[in-house]
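First up is the structure itself, then whatever we jot down about it.
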Amino acid sequence: MNNGKIKKLVRERGFGFITDADGKEVFFHQSGLIDVSFEALNEGQEVTFEVEKSPKGPRAVNVSIQK
């Protein structure tokens, strides 16, 4: 699992971006969330996630709030 922070949320479109520990930006979609609703996320919030390859580049999946 990777650690990072929510950098930006695009609420009306259901996606956002996470900055990982190395400073890289990773896309995520609300369908990749586990144990949290998209509406409950806030920019700057710490999360854990996994990265998978997608046709458009890396994508965060299994995103959850860091406990």
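The numbers here are math on the coordinates, done by the rules we state, and not lab data. Please read these numbers as outputs of a predicted model, since none were measured by experiment. Here the Cβ is made from the backbone with ideal geometry for all residues, glycine too, and neighbour counts use every protein chain on show.
Tabulated data for the structure shown
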read-out	value
Given charges at beta-carbon only (K, R positive; D, E negative), |dipole| of the chain in Debye	200 debye
Two-site label geometry, residue 37 and residue 11: point separation in nm, points 7 Å out along Cα→Cβ	1.3 nm
Distant-in-sequence amide H partners of residue 45 (H built 1.01 Å from N, under 5 Å)	6
